[in-house]
Amino acid sequence: MYNTLGVLLAGGESRRFGQPKAFATYKKQYFWEISYQAIKKVTDTNIIISQSAYIDRFTRENSVSVYEDESPYKGKGPLAGIYTAMKKEQAEWYIVLSCDIPQITSKTLENLLKFRSNHIQAIIPKISGRIQPLVGVYHSSIFPEIENQLLTNQLKLTNLLDLIDVCYVNEQDLMINQEVFSNINTQSDYHKLLNND
């Protein structure tokens, strides 16, 4: 069993973006590669949760473990991705990161991990007052809650957070600028990112 497993969520539909966000580029790297490199530096091992249409693209030139969401929860969003990671790989802690936050750094993730304790089941950033559950650290003890949420079709991560012991941390706690957490949802967001570089 691992102490800390990295889980990169990279299988979303990207409807508003118009193409798979995982394969958008920033500073000559795919978004997923940026996130994967950040998470890799602070974990024992890593996996990618995606969909079958993208698996070849991830594994073609890289030695990475990629899984699809477990049946019967395929297509049930990030909650299904976290469930799949916990089913596939045993760890005490899972650091979960979506692939559409290209300014994330390993230092930010390292600072997040410092808040682990015996009394906490999740560490979640709250940046500018906004909860960021897709850059979070989750303890294995929440697996039954995740499974129950999926069974009852309660798919919002914020619903899960209401049921478990969460430590919320802000930008001061993490010693970061809030832009680090800017996620790219639209082509407009993407062009803003590229123009500010």
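Derivation of every value follows stated rules applied to the coordinates shown; laboratory data play no part. No experiment lies behind these values; they were computed from the predicted model shown. Here the Cβ is made from the backbone with ideal geometry for all residues, glycine too, and neighbour counts use every protein chain on show.
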In whole angstrom, how far apart do the alpha carbon centroids of segment 26-95 and segment 127-197 sit?
16 Å
Per-residue HN-Hα couplings for segment 33-39 [Karplus 6.51, -1.76, 1.60; θ = phi - 60°; Hz; x = Gly/Pro]
5, 4, 5, 4, 5, 5, 6
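Take Arg60, Arg116 and order them by how many other Cβ atoms sit within 10 Å, fewest up front.
Arg60, Arg116
Where a ≥ b ≥ c are the square roots of the eigenvalues of the C-alpha gyration tensor, would you call segment 145-197 rounded, which needs a/c under 1.5, or, failing that, prolate if a/b is larger than b/c, or oblate? Write down the numbers at each step before the final one.
Working: a/c = 5.79, a/b = 1.64, b/c = 3.52.
Taking the square roots of the gyration eigenvalues as a ≥ b ≥ c, segment 145-197 is oblate.
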Zone of Ser141's modelled label, taken as backbone nitrogen in segment 161-188 under 16 Å from a point 7 Å along Cα→Cβ:
161-168
Report the one residue of Met1, Gln132, Val166 whose Cα lies farthest in the direction of the positive end of the charge dipole of the chain (charges on C-beta: Lys and Arg +1, Asp and Glu -1; origin at the Cα centre).
Gln132
Of 50-58, 148-156, 107-115, 92-100, ordering from highest average Cβ density within 10 Å down gives 92-100, 107-115, 50-58, 148-156
Work out from phi, with θ = phi - 60° and the Karplus expression 6.51 cos²θ - 1.76 cosθ + 1.60, the ³J(HN,Hα) of each residue of segment 178-194, listed in order in whole Hz, and give x for Gly and Pro.
4, 4, 4, 9, 5, 9, 9, 10, 10, 5, 5, 4, 5, 5, 4, 4, 5
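Exposure proxy check: Asp69, Asp189, Asp162 ranked by fewest other beta carbons within 10 Å?
On the way: Asp69 22, Asp189 16, Asp162 10.
Ordered from fewest to most neighbouring Cβ atoms within 10 Å, Asp69, Asp189, Asp162 come out as Asp162, Asp189, Asp69.
For segment 43-138, just say rounded, prolate or oblate: build the C-alpha gyration tensor, square-root its eigenvalues into a ≥ b ≥ c, call rounded for a/c under 1.5, and beyond that prolate if a/b exceeds b/c, oblate if not.
Numbers: a/c = 1.67, a/b = 1.50, b/c = 1.11.
Taking the square roots of the gyration eigenvalues as a ≥ b ≥ c, segment 43-138 is prolate.
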Read-out mean projected area of the Cα convex hull in nm², derived from the coordinates shown; its label in (i) 11.9; (ii) 11.1; (iii) 10.6
(iii)
What share of the DSSP beta bridges in the chain is antiparallel, in percent to the nearest 5?
35 percent
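Assuming R0 = 22 Å, can you tell me the calculated FRET efficiency for the pair Lys74 and Ser128, based on Cβ-Cβ distance, to the nearest 0.05? Don't skip to the answer; put the middle values down first.
On the way: r = 33 Å, r/R0 = 1.51.
So the FRET efficiency works out to roughly 0.10.
Classify segment 103-145: rounded, prolate or oblate, from the alpha-carbon gyration tensor (a ≥ b ≥ c, eigenvalue square roots; a/c under 1.5 rounded; otherwise prolate if a/b is larger than b/c)? Show your work: numbers first, answer last.
Working: a/c = 1.98, a/b = 1.47, b/c = 1.35.
Since a/c reaches 1.5 and a/b is larger than b/c, the shape of segment 103-145 is classed as prolate.
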